[in-house]
Amino acid sequence: MGWEEIARMFTLEDLRQTRSFQQALAEGHHQGRQEGECQLLLRLMEGRFGPVGDRLRQQIQALSSEQIEALGLYLWECQTIADVEAWPGFLG
């Protein structure tokens, strides 16, 4: 059975009801939200401290949503970009 035959058997609505589709959709939403949180955090940092280096940018992009939130709260305590780089969450 080829892809075309499978496509004829199911409507788009049928596919939307599958567990796989729902899981993929939820994962896409989660990733999109996490990327948005990351971009907002980076913009806040750039506004406060100036350009963010590639290494720090990559570290931030690797964080989970919970870690991004924690780092965002930690920013209130930071006076310099070096303070951000010393965030305990980056250490493990």
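The values are calculated or read from the model by the stated rules, or taken from the named source; none is laboratory data. Since the structure is predicted, the reported quantities are computational estimates derived from the model, not experimental observations. Backbone-built Cβ (ideal geometry, glycine too); neighbour counts: all protein chains shown.
Can you pull out every residue in segment 77-92 that is surrounded by fewer than 13 Cβ atoms within 10 Å (Cβ to Cβ) and either among the charged types (D, E, K, R) or closer than 15 Å to residue 40 by Cβ (or both)? Within segment 77-92, just 77 meets the criteria. Scanning segment 7-23 for residues that are modelled with pLDDT of 70 or more and either of a type in the set (A, V, I, L, M, F, W, C) or within 22 Å of the chain's Cα centre (by Cα) (or both) yields 20, 23. Using the structure shown, decide if residue 43 is in a helix (DSSP H, G or I), exposed (fewer than 12 other Cβ atoms within 10 Å of the Cβ) and not hydrophobic (A, V, I, L, M, F, W, C). In short, yes. Does residue 68 satisfy the condition of being touching an Asp or Glu at 6+ places or on another chain (Cβ under 6 Å), surrounded by 11 or more Cβ atoms within 10 Å (Cβ to Cβ) and in a helix (DSSP H, G or I)? Considered against the rule, which asks whether it is touching an Asp or Glu at 6+ places or on another chain (Cβ under 6 Å), surrounded by 11 or more Cβ atoms within 10 Å (Cβ to Cβ) and in a helix (DSSP H, G or I), residue 68 comes out as yes.
Among the residues of segment 49-64, count how many are surrounded by fewer than 14 Cβ atoms within 10 Å (Cβ to Cβ) and not acidic (Asp, Glu). The qualifying residues number 7. Being touching a residue at least 24 places away in the same chain (Cβ under 8 Å), hydrophobic (A, V, I, L, M, F, W, C), farther than 18 Å from residue 31 by Cα and not in a helix (DSSP H, G or I): is that true of residue 52 here? Considered against the rule, which asks whether it is touching a residue at least 24 places away in the same chain (Cβ under 8 Å), hydrophobic (A, V, I, L, M, F, W, C), farther than 18 Å from residue 31 by Cα and not in a helix (DSSP H, G or I), residue 52 comes out as yes.
Okay, residues lined up against (1) basic (Lys, Arg); (2) at pLDDT below 75; (3) under 30 Å from residue 79 (Cβ atoms); (4) part of a helix (DSSP H, G or I):
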| residue | (1), (2), (3), (4) |
| --- | --- |
| 1 | no, yes, no, no |
| 30 | no, yes, no, yes |
| 37 | no, no, yes, yes |
| 57 | yes, no, yes, yes |
